[in-house]
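Report on the following structure.
Readers should treat all values here as calculations from the given coordinates under stated rules, not as data from a laboratory. Just so it is clear, the model here is predicted, and its values are computed rather than measured. Reconstructed Cβ throughout: ideal geometry from the backbone, glycine too, with neighbour counts over all protein chains shown.
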Amino acid sequence: MNITFIGAGNVAWHLAPALENAGHQVNEVVSRQLSHARQLVSLLYDARPRTNLNLTDSPSELFVLTVPDDALPDVCSRLVLPENAIVVHTSGSRSLDDLNGWMQVYSDVPARTGVFYPLQTFSRSQNPLDFEGIPICIEAADPDTEAKLVTLGQEISSIVYLVNSAERRILHLSAVFACNFTNHLLAVAQNLTEAHDLEFDLLKPLIRETFRKALLAPNPADVQTGPARRGDQKTINTHLQMLADQPRLMEIYEVMTESIRGKRGR
């Protein structure tokens, strides 16, 4: 399949090489910042960088929107497509109806629409990931487009699901808790240790074991440990006293403690 990427950020950095490695041709990378498009193109076989969203001369059949969620309406309003194009976004929170609506309002030619959502965290600072074990969530406006996107997903991943927009929002919300908030808590832990001249590396075996147990357990709650889990109010009070000069961290500690105890988060 001939493919154009619109956006050269984190998702495109990993997805474009994965599709090329599966035998597809990425023809173009479009970005507001030409330097970003050029950086991604340097990872690809024969793609060209561009900034113009008038793509009527494009040889591509599939156009993958990998721009931030809040930029999608503006990009769609300026996007000019060739006939018979398939347009997909990779967003966890934007619905297929959103994309359909933008295409109906702004596109001069009919476009088939879909969602190709890889459920993973991506960073441009790392080498392109192997997609074999990354879930791909597919949704499409018509059966033919759905079949093409499912086939495309199966060519790069062994985990491909049909997921509607409401289900994808739940997955995205869950991912924020599992990934973004968890990573933030690790950063908080590093800040606490380093503020007291302690090595964050001392916590890494604990972190590895925590994730190992959580991923193996039927429910991570089954392997929860710590003062909140065992009702150790004396230790909890000591920790809160230690955080007295950091009210935001104290609030996080209290909310998490109450959630573990079952007073919140159900």
Task: Selection of trypsin sites (Lys or Arg not before Pro), segment 216-265, meeting DSSP coil and at most 16 other Cβ within 10 Å - done: K263, R264
Open item on the list: Using only DSSP helix segments of four residues or longer, with each worth -39500 (n - 2.57), what per-residue ellipticity at 222 nm results for the chain after dividing by its residue count and rounding to 500?
Closed with: -13000 deg cm²/dmol
Open item on the list: Test of understanding: ordering V109, V150 by Cβ neighbours within 10 Å, fewest first, what list do you get?
Closed with: V109, V150
Open item on the list: If the elastic network links every pair of Cα atoms under 10 Å, which of I207, I156, I86 fluctuates the most in the Gaussian network model of the chain?
Closed with: I207
Open item on the list: Using +1 at the C-beta of Lys and Arg and -1 at the C-beta of Asp and Glu, which of P110, Q246, H14 has the Cα lying farthest in the positive direction of the dipole of the chain?
Closed with: Q246
TODO: Let me know the charge dipole size of the chain about its Cα centre in debye, to the nearest 20, where only the beta-carbon of Lys, Arg (+1) and Asp, Glu (-1) is charged.
DONE: 820 debye
- [ ] Could you name the aspartates and glutamates whose alpha carbon sits less than 19 Å from that of K204, not counting residues in the same chain fewer than 8 places away?
- [x] E194
Task: Label-to-label distance, nm, for residues given as R248 and L198 (7 Å Cα→Cβ offset) - done: 2.1 nm
Open item on the list: Considering only C-alpha atoms, what is the centroid distance from segment 169-189 to segment 59-77, in Å?
Closed with: 26 Å
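Near Q120, within a Cβ-to-Cβ distance under 13 Å, what is the net charge of the other residues, with Lys and Arg +1 and Asp and Glu -1?
-2
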Task: Summed residue charge, Cβ within 15 Å of Q241's Cβ, Lys/Arg positive, Asp/Glu negative - done: -3
- [ ] Could you point to the residue in L55, Y161, Q190 farthest towards the positive end of the chain's charge dipole, with +1 and -1 charges on the Cβ of Lys/Arg and Asp/Glu respectively?
- [x] Q190
TODO: Run through the DSSP bridge list for the chain and note the antiparallel percent, rounded to the nearest 5.
DONE: 15 percent
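Test of the criteria: in segment 5-78, which trypsin sites (Lys or Arg not before Pro) are in a DSSP loop and have at most 15 other Cβ atoms within 10 angstrom of their Cβ?
Values: sites: R32, R38, R50, R78; in loops: R32.
Here the sparse-neighbourhood loop sites are R32.
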Task: Cut-off 14 Å between beta-carbons: net charge of the residues surrounding L216, Lys and Arg +1, Asp and Glu -1 - done: +1
